[in-house]
Every structure is written in structure tokens, then in C-alpha cells.
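Colleague: Quick one: this structure, given as C-alpha cells, is what I'll be asking you about.
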Amino acid sequence: MITIQLTKLESALDQVRKTHTKLVPADAALIATAISLTGRHAIALYEGEQYVWPDDYEKMTRAMVAQINMVNEAIEANAPKRASKTAVEEEPVHISVGLMPNLTAGEQQLAGRDDLKAVLSDILQEGVEFAYNPSDIGWQWALDRANWNTISAGDVSRRIKIKTSFTEGAIGIEMGVGPKKRASRAKATETVDVAEIPDDVDLNE
């Protein structure tokens, strides 16, 4: 399996040259670009249908309106009648959209080079791991910026977030996503009950 960083094309090129040593540098660069495009222009999978970015944007958003409205109604039904000043900001509600590599987008980059198209197809069949930031994926970028209030003709909660992820033909790793940082030592000491501190401990040290 080859790992392709969508934010760093030069890293993708290094991966291709390591795994396909017989390719001349120019061809390796074409393959690296083509693989990146299969990820950046990944096909969205939603409720059994495939949607190509950006051509199917309106079709995709219309298809999602029913679920957006349903989730929005559930959020409103469970919302407290009075907002507390001390209330903690509620967690977002994610709506999932699957992704798969867009082989056609990659092949367009390799127009007239059937030999390289065969290499690209083999690479995708062997498996690709895409490392990316959300803005690297066309569908994620577009859905993050969709005006759902206008599309759904309603007032959509800001808690609703669209989350795309590779579910077929590739593995995706979103960069910068990891476990929450642990509380600092200084902050943790503020919550210690003074009564629990032994008498022989000098707090001024």
C-alpha cells in the first residue's frame, strides 16, 4: 500500500519513485499527480448513489436535504427551553458521506498514456492511504461551505457538520486529528482540594 499526502505533492512523488523504481522521473511525477487527483476529486457515496465533484454539487446537496432536516428537527426537539449562561457548548452532530478514489479524474491527467493508466489502476487496486487536511478533499470543502439554510429553506443548526471519509478503495487519515491534550499540571493543581494536602507540604515552595 502506498501513502499519498495530498498536502505535499513532493512527498507523493517520493512514494511513487520508491515503489515504482523503473519509472523515469517525468512519468513518476505524472503518476503522483494522477493519484493525488483521485483523492482530491474523490467520488462521494451517499445512500447508494455516486456523486462527482464539482459537477454533481446541486444534485448532492438536494439529496442530503431530507437528512439535514431530520437531524435538525431532532436537535431542536432536544434543545433546552432556556439557554444557561454556564452551559457548555454542545458537541457537533455529524452526517457521514463516504468517499472512493476517482479513477477517471486520474486518467484524465494521463491522457494518451495508456501505459501509465495501467500503472495507476494497479496502484489503486493494491491500495492507497491518503493523508489529508479536510480542505484537500473537493467534497468536504464544498459541503463545509454549502448554505444549508438556503438549500433547505429553513434555519439549520450550526451543530450539524458534514463529515466525509474514505470508505471504499482507499484508506484516509485526516491530518491533525488526535486525542485531546491532557490538562496541564498547573491547571490541574487549581482543582485540588486544600483539605486533602498534607500539613507538612509547603505551598510556597
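Colleague: Any idea which of (1) surrounded by fewer than 19 Cβ atoms within 10 Å (Cβ to Cβ); (2) polar (S, T, N, Q); (3) under 23 Å from the mean Cα position of the chain (by Cα) is the one Thr61 doesn't satisfy?
Modeller: The single condition Thr61 does not satisfy is (1).
Colleague: Confirm whether Ile31 is under 14 Å from Leu124 (Cα atoms) and modelled with pLDDT of 95 or more. Working first, answer last.
Modeller: Details: under 14 Å from Leu124 (Cα atoms): yes; modelled with pLDDT of 95 or more: yes.
Taking the combined requirement at face value, the residue satisfies it.
Colleague: What do you reckon, is Pro54 within 18 Å of the chain's Cα centre (by Cα), surrounded by fewer than 17 Cβ atoms within 10 Å (Cβ to Cβ) and closer than 17 Å to Trp139 by Cα? Don't jump to the end; show me each part of the working.
Modeller: On the way: within 18 Å of the chain's Cα centre (by Cα): yes; surrounded by fewer than 17 Cβ atoms within 10 Å (Cβ to Cβ): yes; closer than 17 Å to Trp139 by Cα: yes.
So Pro54 passes the test.
Colleague: Collect the residues in the range 6-42 that are crowded, with 23+ Cβ neighbours inside 10 Å and β-branched (Val, Ile, Thr), keeping them in residue-number order.
Modeller: Those that are crowded, with 23+ Cβ neighbours inside 10 Å and β-branched (Val, Ile, Thr): Val16, Ile31, Ile35, Thr38.
Colleague: I'm trying to understand the selection: among the residues of the range 123-163, which are more than 29 Å from Ala12 (Cα to Cα), surrounded by 14 or more Cβ atoms within 10 Å (Cβ to Cβ) and of a type in the set (A, V, I, L, M)?
Modeller: Within the range 123-163, Ala146, Ile151, Val156, Ile160 meet the criteria.
Colleague: Do we find a residue being hydrophobic (A, V, I, L, M, F, W, C) and outside any helix (DSSP H, G or I) anywhere in the range 3-13? Explain how you work it out, then say what you get.
Modeller: Filtering the range 3-13 for residues hydrophobic (A, V, I, L, M, F, W, C) gives 4, 6, 9, 12-13.
Now narrow it down to the ones that are outside any helix (DSSP H, G or I): 4, 6.
Looking for residues that are hydrophobic (A, V, I, L, M, F, W, C) and outside any helix (DSSP H, G or I), one finds at least one in the range 3-13, hence yes.
Colleague: Which condition does Ala79 not pass, out of (1) within 25 Å of Met175 (Cβ to Cβ); (2) without any contact (Cβ under 8 Å) to a residue 40 or more places away in the chain, if it passes all the others?
Modeller: If we test Ala79 against (1) within 25 Å of Met175 (Cβ to Cβ); (2) without any contact (Cβ under 8 Å) to a residue 40 or more places away in the chain, just (1) comes out false.
Colleague: Can I ask one more? Being modelled with pLDDT under 50 and outside any helix (DSSP H, G or I) is the filter here, so list the residues in the range 153-198 that pass it. Working first, answer last.
Modeller: Taking the range 153-198 first, the residues modelled with pLDDT under 50 are 179-198.
Within the range 153-198, Pro179, Lys180, Lys181, Arg182, Ala183, Ser184, Glu190, Thr191, Val192, Asp193, Ile197, Pro198 meet the criteria.
The values are calculated or read from the model by the stated rules, or taken from the named source; none is laboratory data. Note that the structure is a prediction, hence the values are computed from the model and not measured. With ideal geometry, Cβ positions are generated from the backbone for all residues, glycine too; neighbour counts draw on all protein chains shown.
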